[in-house]
Amino acid sequence: MAYTKLFTRLNKNSVAEAGGKGASLGEMINAKIPVPHGFVVIASAFDRFLEETDLAQDIQAQLDQVNYKDTNSVDRYANVIRDTIAKTKFPEDLKKEILVEFKKLKCPYVAVRSSATAEDSKTASWAGELETYLNTTGKDLIANVKKCWSSLFTPRAIFYRHEKKLLKSKVSVAVVVQKMVQSDVSGICFTVHPVTQDKNQLIIEAGFGLGEAIVSGQITPDSYVVDKRDWSIMDINISRQETKIEKIKGLTKTVPVKKADQEKQKLTGKKIIALAKLCGQIEKHYGFPCDIEWAMEKGKIYITQSRPITTLQF
């Protein structure tokens with residue numbers, strides 16, 4: 001059985017095997033949206049890893065002992081589970097299959113991202129609960145796939161499952177392995193204004209460097225409001241940015257933004273409109289409001305994720 005699938009072989013109905021992220025990337029690539037190429041280590045690879053190593057019972061035994069009223073208890077059992085997964089031997093044939101697919105991508109660095117199979121329904125969003133490893137090389141790939149698997153058991157993820165009453169329902173995790181975009185500018189787009197909930201407006205957030213800086217809240221991004229009826233820019237709010245995340249000698253680091261660039265607008269008017277139209281196309285394709293992650297490298301815009309907006313109250 002193959003445990004990896006190219007994005008081109010996945011679509012929005014592939015959540016059970018590829019998780020929310022993987023299914024969404026497959027759906028978009030097949031709709032001719034500019035998505036960086038890659039593949040998914042499907043969820044059954046993780047299930048097989050747990051079965052073959054008898055880890056499933058061990059993990060359940062640890063989870064049964066968690067006292068959810070005590071954060072130290074959640075932390076303690078999360079660490080035990082993650083350490084156990086890290087120390088457990090990776091099946092050789094699986095390792096080989098993943099590395100063969102990685103070589104076919106012909107790129108030195110990939111983003112390795114967790115994709116939960118119970119991910120991002122309109123009522124629950126795993127965004128930010130599971131882990132992502134940027135600028136991963138062939139040397140670190142298998143270890144980072146394992147870390148993505150074990151991020152299903154971070155304290156936050158365990159507590160989230162408890163809170164959403166998902167502890168007894170089966171949640172597995174697939175892993176997205178995708179060509180790394182070394183973005184000069186990146187950010188998020190909400191295709192419906194998340195504050196006013198105006199369906200005719202979309203909002204783009206943009207910052208210098210890799211998108212993790214915005215997602216993790218390290219920087220305040222620029223925000224641009226666009227009217228979807230005529231693609232006119234309604235509002236531009238420029239934020240001062242003193243640091244950014246980028247790849248330095250193969251490592252993902254936080255570095256200062258040049259003094260002269262700190263007050264600069266991150267995207268030109270022309271790029272704002274091009275990106276807004278692309279995000280509008282994605283929303284039209286899905287038929288519901290989307291929360292979209294994007295990245296721009298050397299002037300070219302890529303879409304790296306799209307999920308339903310879970311906070312709208314229509």
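Placing a pseudo-label 7 Å from each Cα along the Cα-to-Cβ vector at Glu92 and Lys12 gives an inter-label distance of 4.4 nm. Does segment 167-254 classify as rounded, prolate or oblate by the C-alpha gyration tensor (a ≥ b ≥ c root eigenvalues; a/c under 1.5 gives rounded; else a/b over b/c gives prolate, otherwise oblate)? Since a/c reaches 1.5 but b/c is at least a/b, the shape of segment 167-254 is classed as oblate. Between amide H atoms placed 1.01 Å from N, distances below 5 Å from Lys244 occur with Val255, Val257, all of them 5 or more places distant or on a separate chain.
A simple rule links phi to the HN-Hα coupling: the Karplus curve 6.51 cos²θ - 1.76 cosθ + 1.60 with θ = phi - 60°, which for segment 3-15 gives 10, 10, 9, 5, 3, 4, 9, 10, 8, 4, 8, 9, 4 Hz, with x for Gly and Pro. With contacts taken as Cα pairs under 8 Å at a separation of at least 6 residues, the chain carries a relative contact order of 19 percent. Each Cα pair under 8 Å and six or more residues apart adds its sequence gap; the mean of these over the residue count of segment 185-308 is a relative contact order of 26 percent.
Under 5 Å from the amide H of Thr117 lie the amide H atoms of Ser172, Val173, Ala174, each residue being 5 or more positions distant or on a separate chain, with H modelled from the backbone and absent for Pro and chain starts. Computed 3J(HN,Hα) for segment 246-252, one whole-Hz value per residue from the Karplus formula 6.51 cos²θ - 1.76 cosθ + 1.60 where θ = phi - 60°, is 8, 7, 10, 6, x, 10, 8, glycine and proline marked x. Across segment 40-49, rounded Karplus estimates of 3J(HN,Hα) from the backbone phi angles (6.51 cos²θ - 1.76 cosθ + 1.60, θ = phi - 60°) give 10, 7, 5, 4, 5, 5, 5, 4, 5, 4 Hz, Gly and Pro being marked x. Relative to the longest principal axis of the Cα atoms of the chain, helix 269-286 runs at roughly 50 degrees.
From most to least packed by mean Cβ count within 10 Å, the peptides 139-147, 57-65, 184-192 give 184-192, 139-147, 57-65. Against the chain, whose longest principal axis is taken from its Cα atoms, helix 55-64 shows a tilt of about 80°. Considering every alpha-carbon pair of segment 4-179, the percent of pairs per 5 Å bin, from zero through the bin containing the longest distance, is 1, 9, 18, 21, 21, 15, 9, 4, 2, 0.
Given the C-alpha centroids of segment 138-156 and segment 247-295, what is the distance between them in whole angstrom? Rounded to whole Å, the Cα centres lie 26 Å apart.
Backbone amide hydrogens, once placed in the peptide plane, bring Ser239 within less than 5 Å of Asp222, Ser223, excluding anything fewer than 5 places away on its chain.
Only the coordinates and a few stated rules stand behind these numbers; no lab work does. On a predicted model such as this, the values are computed, not experimentally measured, just so you know. Note that each Cβ is placed from the backbone with ideal geometry, even for glycine, and that neighbours are counted across all protein chains shown.
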